[in-house]
Amino acid sequence: MNLANDHRAVLDYLQLFHPLEDGPWNAMVAAFRTRTYDRGQVITGVGDVQRDLLFILEGVQYSYFHKDDKSYVMAFTYPVGISGIPESFLSQLPSTYSLETISETRALALSHSDLQRLYDAHPAIERLFRKITEAMLIASAQGRYRQVSTSVEERFRQFAAQSPHLFQLVPHKLLASYLGMHPTNFSKLYNAVRI
């Protein structure tokens with residue numbers, strides 16, 4: 001673990017959305033706190049408030065909810081990327097679903113209050129997070145569209161093309177839930193489709 005390398009990885013990720021000069025970036029770095037989570041640890045549970053935005057350095061996480069004794073997976077997060085329950089973080093209201101680690105996780109955390117302070121002090125940071133939020137909104141809308149407009153096999157193939165590494169990192173029952181298919185159908189496609 002090298003903190004300078006961790007910071008560089010997060011900066012490189014953020015600059016995909018909007019460039020940051022040294023002043024705003026150094027202010028963000030000063031606000032970061034390192035967090036570690038064990039495998040299978042709930043980071044944010046139902047009823048909890050997502051206090052920190054997490055920049056994932058190591059590990060895989062997933063968000064999900066339970067209904068009628070069944071789990072529904074909503075998203076996966078992994079390095080280098082942002083993790084948390086967006087609605088809870090943005091509103092600072094209790095979450096209606098959970099965020100849990102699949103593997104040991106290490107992240108840089110930025111608290112909601114620190115982020116608000118950074119917005120006020122550095123317009124470039126506010127612009128950066130506006131662009132990130134826009135990208136997340138677009139991705140969410142596209143994901144929902146795919147969920148209702150494509151067949152199970154099409155969803156599987158698109159996922160395999162976009163995130164093939166997750167087949168090795170995530171239990172297949174969770175991938176099946178995320179793709180909205182029965183685990184048996186998932187297994188058949190996994191064995192039939194080249195990944």
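Quick look at the numbers
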{"item": "Complete set of residues in the stretch 1-48 that are open to solvent by less than 20 Å² (accessible area, probe 1.4 Å) and among the hydroxyl-bearing types (Ser, Thr, Tyr)", "result": "THR44"}
{"item": "Test: residue in the stretch 170-181 that is touching a helix residue (DSSP H, G or I) at 6+ places or on another chain (Cβ under 9 Å), open to solvent by less than 40 Å² (accessible area, probe 1.4 Å) and closer than 30 Å to ASN2 by Cα", "result": "yes"}
{"item": "Enumeration of residues in the stretch 48-83 that are assigned to a loop (DSSP other than H, G, I, E, B) and either within 21 Å of GLN168 (Cβ to Cβ) or in contact with a Ser or Thr (Cβ under 7 Å, 6 or more places away or on another chain) (or both)", "result": "ASP48, VAL49, GLN50, ARG51, GLY59, VAL60, TYR78, PRO79, VAL80"}
{"item": "Index of the failed condition, SER83 passing every other in (1) under 18 Å from ILE132 (Cα atoms); (2) surrounded by fewer than 18 Cβ atoms within 10 Å (Cβ to Cβ)", "result": "(2)"}
{"item": "Residue selected from the stretch 123-158 under the condition over 19 Å from the mean Cα position of the chain (by Cα) and in contact (Cβ under 8 Å) with a residue 60 or more places away in the chain, by the criterion surrounded by the most Cβ atoms within 10 Å (Cβ to Cβ)", "result": "ILE125"}
{"item": "Evaluation of VAL49 against (1) touching a helix residue (DSSP H, G or I) at 6+ places or on another chain (Cβ under 7 Å); (2) more than 26 Å from ASN2 (Cα to Cα); (3) touching a residue at least 60 places away in the same chain (Cβ under 8 Å) (one fails), failing number", "result": "(3)"}
{"item": "Any pair with Cβ under 6 angstrom, 6 or more apart, that starts in the stretch 86-99 at a residue that is more than 13 Å from GLY45 (Cα to Cα) and outside any helix (DSSP H, G or I) and ends at one that is open to solvent by less than 60 Å² (accessible area, probe 1.4 Å) and among the β-branched types (Val, Ile, Thr)", "result": "GLN92/VAL49"}
{"item": "Tally of residues being of a type in the set (S, T, N, Q) and either assigned to a loop (DSSP other than H, G, I, E, B) or free of Cβ contacts under 8 Å to residues at least 12 places away in the same chain (or both) across the stretch 167-186", "result": "2"}
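The values are calculated or read from the model by the stated rules, or taken from the named source; none is laboratory data. For clarity, every value in this text was computed on a predicted model and none was experimentally measured. For neighbour counting, all protein chains shown are included, and Cβ atoms are generated from backbone atoms with ideal geometry for every residue, glycine included. Calculation scope for accessible area: heavy atoms of the full protein, side chains included, ligands and nucleic acids excluded. Shrake-Rupley method; radii C 1.70, N 1.55, O 1.52, S 1.80 Å.
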